[in-house]
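One structure below.
The values are calculated or read from the model by the stated rules, or taken from the named source; none is laboratory data. Since the model is a prediction, treat every value here as computed from it, not as a measurement. So basically every Cβ, Gly included, is an ideal-geometry build from the backbone, and we count neighbours across all protein chains shown.
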Amino acid sequence: MPDKWFFIVNSTAGNGKTGKKINTLINLLNQHNFDFQIELTRYTKHAIELAQVACLEGFKNIIAVGGDGTVSEVAAGIARSGLADQVNFSVIPEGGGNDFCKNFHLSHNIEKCLTQLINGKLMKIDIAAFEDQFFVNSFGIGFDAQTAAQANKIKFLNGLPRYLLAIAAALLKYRNFPLKIIIDDKEVLSGKFLLVAIGNGKYAGGGFKLNPNALVNDDFLDVMLARDVTLMRIFKVLPKAIEGTHEAEPEVSFHRCRKIEIISECDLPVYYDGEIPQLKNCKHLTIQIAPQKLNFIAPR
């Protein structure tokens with residue numbers, strides 16, 4: 001392997017299970033004769049810093065080992081470095097949800113995943129921006145953000161079961177939010193919305209296919225709006241969203257755009273890539289496709 005590889009590992013991902021696999025990862029990298037360096041994240045946003053430094057130090061391949069939050073930080077670090085066109089990026093999925101990786105069918109087995117990376121193909125993928133931050137998979141406002149906040153408190157489950165339990169907890173605070181939504185500076189929608197799900201990828205919430213037609217490389221964001229949903233209808237619509245068969249439900253509409261603005265009179269619950277951000281303004285959000293692309297190593 002002539003290129004230098006940099007692995008950014010969140011040892012706390014998967015409720016701490018990832019940390020127990022570091023020796024396995026090192027042994028496999030040595031077996032495959034990788035020229036590599038491994039760094040462990042030590043605090044929130046550390047992966048952003050590590051990815052930026054790795055870009056500046058000339059590493060050709062930067063791999064996130066962890067969940068959606070780690071993936072998002074590594075992607076953001078690469079984007080911020082100004083060297084995204086010179087670096088390849090990929091993931092060894094080791095988190096609780098791994099929604100981003102579902103777009104590419106990356107293996108959850110470290111050895112199989114490494115083989116996928118060695119034999120992989122490069123593709124250009126989109127990244128999206130809000131305020132001075134980036135996300136690579138999903139951005140949610142409203143009920144799904146409330147669910148993500150609850151999911152982050154649950155440490156004894158992973159994947160879809162964790163989010164299903166989080167949904168049950170979030171239902172106790174269920175509400176529709178009065179919003180004004182502006183799509184590509186043209187289409188204006190107003191009313192009460194249960195959630196706004198903005199997807200670069202198809203999946204969110206541990207496996208819900210909220211935006212079933214989203215593609216990570218099409219220069220567009222896909223937006224699913226759930227308008228004024230009653231509590232009883234939530235139990236009808238949400239199960240269909242797991243398989244992405246909720247498109248015909250009357251409360252749901254889908255849009256494709258490069259930019260979306262969400263305006264509210266009150267602070268909104270927000271999440272992106274499974275994380276709860278600190279925002280400058282939780283009442284007026286602007287999310288848009290970023291001009292740069294990431295070089296992603298995907299399985300063939």
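Brief remarks follow.
- Residue list for the stretch 280-299, restricted to those being small (Gly, Ala, Ser) and within 10 Å of Asp126 (Cβ to Cβ): Ala290
- Residue match in the stretch 82-91 (condition: closer than 19 Å to Asp273 by Cα and hydrophobic (A, V, I, L, M, F, W, C)): yes
- Where a residue in the stretch 268-280 is in the same structural domain as Leu195 (by TED's automatic domain parsing) and its partner, wherever it lies, is surrounded by fewer than 20 Cβ atoms within 10 Å (Cβ to Cβ) and in a loop (DSSP other than H, G, I, E, B), with Cβ under 6 Å and at least six apart: Leu268/Cys282; Lys280/Glu131
- Candidate set from the stretch 259-276 (those that are crowded, with 16+ Cβ neighbours inside 10 Å and outside any strand (DSSP E or B)); member that is farthest from the chain's Cα centre (by Cα): Ser264
- Residue match in the stretch 250-259 (condition: among the acidic types (Asp, Glu) and within 17 Å of Phe130 (Cα to Cα)): no
- Of residues in the stretch 128-161 being closer than 26 Å to Leu294 by Cα and among the aromatic types (Phe, Trp, Tyr), the one surrounded by the fewest Cβ atoms within 10 Å (Cβ to Cβ): Phe130
- Taking the stretch 212-231 as the range and being part of a loop (DSSP other than H, G, I, E, B) and not polar (S, T, N, Q) as the test, the residues that pass are Pro212, Ala214, Leu215, Val216, Asp218, Asp219, Phe220, Asp228, Val229.
- Filter result for Asp185 (touching a strand residue (DSSP E or B) at 6+ places or on another chain (Cβ under 6 Å) and at positive phi): no
- Residue list for the stretch 107-163, restricted to those being farther than 16 Å from Asp273 by Cα, in the same structural domain as Ile276 (by TED's automatic domain parsing) and touching a helix residue (DSSP H, G or I) at 6+ places or on another chain (Cβ under 8 Å): Ile154, Leu157
- Selected residue [assigned to a helix (DSSP H, G or I), closer than 27 Å to Gly69 by Cβ and in contact with a Ser or Thr (Cβ under 7 Å, 6 or more places away or on another chain)] from Ile234, Ile167: Ile167
- Evaluation of Ala241 against the conditions (1) touching a residue at least 24 places away in the same chain (Cβ under 8 Å); (2) surrounded by fewer than 19 Cβ atoms within 10 Å (Cβ to Cβ) shows that the sole unmet condition is (2).
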